[in-house]
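For reference, the structure discussed in these notes is given below.
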Amino acid sequence: MALFLVWIVVTVVFLLLHLIPGDPAELLLSQGNVAADPKAVAALREQMGLNAPLWQQYLDHMAGVLTGDLGASFRDGAPVIEQIALRLPRTLEVILAASLIATGIGVPLGTYAAIRADGKADAVISFFASASLSTPVFVVGSVVILIFAQKLQWLPAGGFTPFSEDPLEHLQLLLLPAGTVALSLLAVITRMSRASVLEVLQRDYVRTARAKGLPRNPILRRHVVRNALIPVLTVLGLEMGTLIGGTVLVEFVFNWPGLSGYLVAAVDARDYPEVVGIVMTISVLFVFLNLVVDVVNALLDPRISLVR
Amino acid sequence: MSRSTRKLILPGTIAALIVATVLLAPVLPLQDVRGMDIPNRFAGPSAAHWLGQDDFGRDVLARLIWGGRASLFIAVGSALFAAIIGTALGLLGGYFRGVVELLTVRAAEIILCLPPLLLALLVVTILGAGTWPLVLALTILYTPNYARVVYAATQQVRGLDFVTAQRSMGTHPLKILVRTILPNVLPPLLVQMSLVVASAMVIESGLSFLGLGVVPPTPSWGLMIRSARGAMEVAPLLLVWPSLALAGTILTFNLLCDRLQSALDPRAVTAGGALWLRPRSAAAKTPAAPVEAPADAPLLEIRDMSIAVRDMELVRRVSLTVRPGETVALVGESGSGKTLTGLAMTGLLPDTLRVTGGSALYTTREGKAVDLAKLDEEGIRALRGDEVSMVFQDAAAALNPVLRIGEQVAEAIRAHHDLEGEALQTRVVELLRHVGIPDPERRARAYPHELSGGQRQRAMIAVAVANNPRLLIADEPTTALDPTIQAQILQLFAQLKRETPGMGMIFVTHDLAVVAEIADRVTVMYAGEVVEEGPVAEVFERPRHPYTAALIASVPEGGAERLTAIPGSVPSPRQMPAGCRFAPRCAFATERCTAHPPTAEHPAPGRVTRCFHWENVT
Amino acid sequence: MTEAPSTAPLVVAESLGRNFPTRHGLLGRAHDVWAVRDVSLTIAKGETVGIVGESGCGKSTLGRMMMGLDLPTTGTMSFDGRDLSALSGPEMRKLSRRMQMVFQDPFGSLDPRRTIGAQIADGLRTHNIVPASEVKTEVARLLEQVGLPTSAAQRRPHEFSGGQRQRIAVARALSTRPDFIVADEPVSALDVSIQAQVVNLLEDLRRDLDLAMLFISHDLHVVRHLCTRIVVMYLGRIVEEGPAEKVFGSPAHPYTRALLAATPSLHPGDGSDGDRILKGELPSPANPPSGCPFRTRCPLAEEACASAVPGLDPVGKHWNVRCIKAGPVTAAQEVPA
C-alpha cells in the first residue's frame, strides 16, 4: 500500500510537470527578456531527452528510480541524488530538534493544563498555544531575528556552518530555525496532550484505578499519561511528515540550505529531474513516517496488532 | 444561553468586524494603496497616515485593509469551494461505500500524501502566481480534508437507526443523503470550515511571502512582511503591523473554531479536568477523628444521605444498613440514584456532585467508626480497594486497555500491601483462578481485549476482591452480559459470599429477578429516594409500596394475559413533585400524597415503606 | 394461544445464510464468518414469531435480511411471493412500504434534528398514503394510536423519554400501513416499568391490525409473553423452533433448557440451579466447532455430536429441534448432566 502511494505520487508529479505549458530548455537558455536561439533550444531538448515520447521518458524515469538513479540536474548536470543526500540531513536536523523541544515541553504542559482544566493556568497555556499556532512561521522567524539577532545580538540571524567545521557555531545557527519550528509544533502538542488527557480522565479505567486505592502519581503515570500519549504521538508523526516539505519558509527566512529551499529553486527553474527527485524523496519519507507511526501505535496499544 | 455559546460571542464579533472592514474597504475613506510618496518613505504614524508609510511612502493602514481583503477572499473562497466539493465526495463515499468510496474519498486522499505547502507550491509554480491560481491550489489542498471529515461523520450517522429507518421506509438514497445525513454532519463541517479558513490564510501569506502568491503591487500581508524584512532596522513597525494583522486574524478564526467545536459537541461540556488530581482541593473536607465503634455496629450505616449537583438534589435522605455477611440489593430504574449512592461509598462521585447531608458510618477492620461521606481524598483512598471495593458494570471500559490483566490485579494488591516479585505473581494467578478464569497463568499475561466479556468481568471481580474487602459494592455487574454468562457471574458472587462470610455486599441492579437470586435484603429506590426496604422474600411476597408492587407486576413472568404497566415516566430532578414523588403515577394517590412527603412506616419488623396507603397496597 | 394459522404465509425465508468474510491483514486470506446459516422461517398474518438467543447468535442479521436491508449470501427471502433479491431498487423501495422496523435504541432511532411530525410524515409522503392535505390529520391519528398527544408532532425527539420515543418509532413504522413488522429488541433499552407499556402496545397493534411480526429479543420472559411461535438460535443456526408453550414448557434442545435455567426468576428455586448453569462461553463464529455448534458447552454431548451438524427434525406438531439427543423435557424431569 505504501509503495503504491509513492508510485502514484511520483507519477502524478511527473505528469504534472510534463503536461503543462512551458519549455524548460527555452527557460534555461533565455536571459531576461531576450529570446533564446531556437537551434540551441532544439539541441538542448535533444540532450535532455525531452524529444522522446512521453511514455518513454516516463519508463526511463521509473527505471532510474528503481536503480536509485534520479538523473542529473538540468542546470548544472550534477546527479540529483547527491544534492538530496547533502541537503536532506540538514532539513531533518531542524525537524528532529524542533520535535524534541516541542514534545519535551508540550506533553507536560498539556497534561498540567488538563489537570487544571478551566482554571487560570489552563486559560493562559491554552491562549498561548492558540496564539503561537496562529502565527505563521515566517512571521515568528522575522520577529525572532528582529529581537535576538538585531536588537539583542545574542545569536546570528541565519546561515549555515557544517557541524564538522565548527560544532558550536552549527548549533548556534540551528537554534533559531529549530526554535521557530518548535513553537508552532509545541502549540499542537500542548493542545493535543491537553485534549487527550482530558478525554482519558473521563474513562472508566481511571475510575477503576482510583477504586483500587492507588495514589495519585501512579494513576497519572500508568493509566492517564500512558493512554493519553498514543494519540499525541500519532499527531506528532503526522506533523513531522508535514514539516518535511513545510520547512520551506523557515529555511528561506534563516538562509538554512536544506532540501525544501532547494525545491523552490528547482521548481522555479523547471528542473524536472530535481523536482521529481525531491518530491519523491519527500513523499517516500512522508509515507515511511506514517508507517513508523502505525508501528509505534501498535507497540503502545496492544489492541492494534501489526500482523492483523 | 449556555456558557459554551456565550464564549462564541467574542471571537464571533471580532471575526465579523474583520470581515466587515475588508468588505467595506472600497467605501471607507482610505488613502490610495498605490499612491507613492517617496520623500516620506518610512515615516512614522501621523494624522494623515495613522500607521505610518512604507518603503515607497504608501499608506500602511490602507494597504493593511486592502491586503486583508485579498487574503480573506482567497482563504474564504477556497474554503467554500473545497467544502462543496469535499462534502459531496465525503457524503457519497461514506454512504455508498465500496467502489464509490474508492473513487471519491480514497482518490482525494492521495493529495494528502504530499505535504500541503509543497503541493501549493507545485500548483502555483505550474500555473503562475496570482489570486486565482492560489484559490485553485488551496481548493485542491483542502478538498480531501473535508472529504475525510464528512466521510467519517457520514459513516457514523449512516449506521444509526434513524437512517436505517429511512431506508426501510423506501426513501430514495439521494433524499436520505440530503434530508437526513447532511444536517447531521453539519457540525463537524462548520468546525472544519473555520479551521480551513485559518489554515488557508497561513499558506496564502507564506506563498506571498516567498513571492509566489499575490502579485505586487496588489497589497497582501505576506508581501508587506516580505518587504518590511529588508527595512527591519530602519522601520521595525512596518514588520509589526502586518504580522499583528495576520496573526490576529488567524487567531480569531482558530478561536472561533475551538469554541464552535465545544458549543456543538455536547460531550466536551462534561470534560472539566479532575479535582482529585489537584493536591490542595482535597483538604476541602475536614474528617472527624475516628471513634471506637460499638461492638454490635453494622458494617455500614447510611443515614439520611443526600447527593446534589449544584443546587439540584439527585439523591435525597437515603438510609441503608449493611451487616457483615449480608447482601443488600439496591434496586431502581434509571435516574433513581442507586448508582450514585454506591459511588459515594467509595468517594468516586463525579467532580460536579457532592454529598450534601447525612452520614455513612463504616466500621473498619480495627473496629473504628469512620464517616465515608466526610473523609478526605487521602483518607478514603486508604480504604478504597482494601476494605471497600467496587465492581463496575462495563468491564470492557473499566479495565485499562494497554495493561495486562495480571498487572492490573497486581496493582490493586500493591496499592495496599508490600508484596513484590514471585509472591505477588503467585497471588495474582491464585486470584484469577479463584474467580474462575481458565488457564490463569497464561491469562494473566493477556490484554483485556483478548478476553471474552464474561472473563473480563471475572478479572474485574478479581481486582475488587484482591485484598479481601469487607464491603463489596457491585454496580450492575451482570447487566451487559448474556443470560448464560450472567448466570455464571451470579454463581461466582454466590460462591464469594459463601467463602467470605464476613463480607457485606451492596448489589446495585435494575433487575428484580436478579435481586431475587442474589440478595438477602432489598432497598427499592425511586426518583432519588428510598421507597421501601426489607427482606427480599417478604418484600416480593407482599410489597408494601405501590411502586414496588407495580414493578413486580410489570415483569412478564407470571403468565398474566396483560402486563401491568406503570403510566407516565420518572419525573426529572428539576421538577420533582412536592409530596410523594411517585404520586403522579400511583393508582392509590390521594390529595394527601401530593401535599406531603410520606414518612417512614414499619409494616413489620425489619421492613420500611414510605407510603400513606401501605396497608391497602397488597 | 392459537395454533399456527392455516392461511398462506406472508414472509418466507428459505435456508437463509449470511457470510461476512473478514480479511486478516492486507495480504491475508479472507475468512468466512457466517452470522446466519441455513435458516428457514415462515410468518403468517396475525402471527408473532419470537427469535431468542444470545449476542452473536445472528438474530439481528436475520432480522435485517427479512426486512430486505441486507441481502442473504445463500437462500432466498420472499415477501408475499416476491423474491427480495430479484427486485430492482425502485421496486424494493415500493415494496418496503409493507415491511417496517422498530429498533432497540430509543435514542438512535429518531433523527434528533427533525420534528416528530416530519419524521412520521416521511412515510406518508414517500408512498402517497394519504393526499398531501390530509398528512397532518393522519400524523395526529397515528400519534393517538400509540397513546401520545397530537401536540407531540411539533416537538423534537430530545423532549421525550425513552418509552415515548419508542412509541413514536412505532407510530412511524405504522405510518406506511405495513403488513409485516420486525421489532429488534424494542424494549431492551427501556426501564422495567416502561417495557410493559411498549409490550402492551405491540400486542394491541398485532391484534387490531392483523400484523405479521418478528420479535427479536434476548429476554425470554418478554418473548414468552408476546409470541405465538418461538425460534431459538445459537451461533447462526436455529436449534429449536415451535409453539411458545411447547418450547418454554418442555424444551427439547439442551441449549433452550440452559437458557431457561440461566434466566433469573422472581421466584428462584431452591438454589440447585447451580448444576444447570452452562460452562464456557460462545465459540467464535469465525471458528465454529465441528458438528453440532453447541456441543462444546452441552452437558449431553457425546462423540457423535462432533461428526455432523444435526438436522432440524420434528419432535411434535410444528416443533423442530436440531439435536440428536432431543426430547421434550419438562422442568420437573430434568435430565441430570
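Nothing in this text is a laboratory measurement; each read-out follows from the coordinates by a stated rule. In this text, all values refer to a predicted model and were calculated from it rather than measured experimentally. Virtual Cβ from ideal backbone geometry, glycine too; neighbours counted across all protein chains shown.
Longest span of chain B, sites excluded, free of GluC sites (Glu not before Pro) in DSSP loop with at most 11 other C-beta atoms within 10 Å? Answer - B:1-232.
Using only alpha carbons, chain C has a radius of gyration to Kirkwood radius ratio (Rg to Rh) of 0.99. Within straight-line reach of C:LYS279, meaning a Cα separation under 15 Å, sit the following aspartates and glutamates at least 8 residues removed in sequence or on another chain: B:ASP439, B:ASP482, C:GLU54. With viscosity 0.890 mPa s and temperature 25 °C, the Kirkwood radius over alpha carbon pairs of the range A:260-300 converts through Stokes-Einstein to a diffusion coefficient of 214 µm²/s. Separation of the range B:290-316 from the range B:598-618 is 22 Å, based on Cα centroids. Bridgeable aspartates and glutamates around B:LYS175 (alpha carbons under 13 Å apart, same-chain partners fewer than 8 residues away excluded): C:ASP122. Whole-Hz Karplus values for the range B:145-160 come out as 4, 4, 4, 5, 4, 5, 4, 4, 5, 4, 4, 5, 5, 4, x, 6 Hz, taken residue by residue from phi with 6.51 cos²θ - 1.76 cosθ + 1.60 and θ = phi - 60°; glycine and proline positions read x.
Using alpha carbons only, the radius of gyration of the range B:426-550 set against its Kirkwood radius gives Rg/Rh = 1.03.
What is the P(r) of chain A, as percent of Cα-Cα pairs per 20 Å bin from 0? The distribution over chain A is 26, 48, 22, 3, 0, given as percents. As a size descriptor, the averaged projected area of the C-alpha convex hull of the range C:112-246 was calculated at 9.3 nm². What do you get for the angle between helix B:237-264 and the principal long axis of chain B? Use alpha-carbon atoms, 0 to 90 degrees, nearest ten. Once rounded, the angle reads 30 degrees.
Can you bin the range B:9-132 into rounded, prolate or oblate? Criterion: square roots of the alpha carbon gyration tensor eigenvalues sorted a ≥ b ≥ c, rounded for a/c under 1.5, prolate for a/b above b/c, oblate for the rest. Because a/c hits 1.5 or more and a/b exceeds b/c, the range B:9-132 counts as prolate. Across every pair of non-identical alpha carbons in the range B:111-183, the mean reciprocal distance, once inverted, gives a Kirkwood radius of 14.6 Å.
Measuring max minus min along each principal axis, the C-alpha atoms of the range B:74-264 give extents of 72, 37, 23 Å (largest first).
Between the residues C:HIS127, C:ALA35, C:TRP319, the greatest Cα displacement towards the positive end of the dipole of chain C, with unit charges on the Cβ of Lys, Arg, Asp and Glu, is found for C:HIS127. When the C-alpha to C-alpha distance is required to be over 24 Å, the pairs from B:LYS497/C:LYS59; B:LYS338/B:LYS497; C:LYS45/C:LYS317 that qualify are B:LYS497/C:LYS59.
Kirkwood radius for the range A:158-285, taken over all pairs of different Cα atoms as the inverse mean of 1/r, rounds to 17.8 Å. Nearest 10 degrees is fine. How inclined is helix B:221-230 to the longest principal axis of chain B, computing both from alpha carbons? Approximately 60 degrees, to the nearest ten. Compute the normalised compactness of chain B: alpha-carbon radius of gyration over 2.2 N^0.38 Å, N being the residue count. Relative to the 2.2 N^0.38 Å estimate, chain B comes out at 1.33. Remark on C:GLY236: its backbone amide H falls under 5 Å from those of C:GLY58, a criterion applied only to residues 5 or more positions apart or on other chains, H modelled at 1.01 Å from N. Ignoring aspartates and glutamates fewer than eight residues from C:LYS325 along the same chain, the ones with Cα atoms less than 18 angstrom from its Cα are C:GLU240, C:GLU241, C:GLU302, C:GLU303, C:ASP313, C:GLU334. Eigenvalues of the alpha-carbon gyration tensor of the protein assembly as shown, scaled by 5 and square-rooted, set the equivalent ellipsoid semi-axes at 63, 38, 32 angstrom, largest first. Considering only beta bridges that DSSP places wholly inside the protein assembly as shown, some 60 percent are antiparallel. The alpha carbon centroids of the range B:507-551 and the range B:335-370 are separated by 21 Å. A straight line joining the Cα centroids of the range B:121-143 and the range B:408-449 runs 60 Å. Remark: the range B:3-18, residue by residue, has Karplus-estimated 3J(HN,Hα) of 4, 5, 6, 4, 5, 6, 4, 4, x, x, 5, 4, 4, 4, 4, 4 Hz, where x stands for each Gly or Pro and the curve is 6.51 cos²θ - 1.76 cosθ + 1.60 at θ = phi - 60°.
Of the beta bridges DSSP finds with both residues in chain B, what % are antiparallel, to the nearest 5?
Looking only at bridges with both residues in chain B, the antiparallel portion is about 60 percent.
When every Cα-Cα distance of the range B:372-419 is counted in 5 angstrom steps from zero, the calculated P(r) takes the values 5, 17, 22, 24, 19, 11, 3 percent.
For the range B:85-132, the spread of Cα positions along the three principal axes, ordered from largest to smallest, is 39, 21, 13 Å. Restricting the calculation to Cα atoms, the range A:171-246 shows an Rg/Rh of 1.15 when the hydrodynamic-style radius is the Kirkwood one. Once the mean of 1/r is taken over each pair of separate Cα atoms and inverted, the range C:209-263 shows a Kirkwood hydrodynamic radius of 11.6 Å.
Against the main long axis of the alpha-carbon atoms of chain B, helix B:182-210 sits at an angle near 40°. Mean residue ellipticity, 222 nm, helices only, chain B: the sum of -39500 (n - 2.57) across DSSP H runs of n ≥ 4, divided by residue count and rounded to 500, is -14500 deg cm²/dmol.
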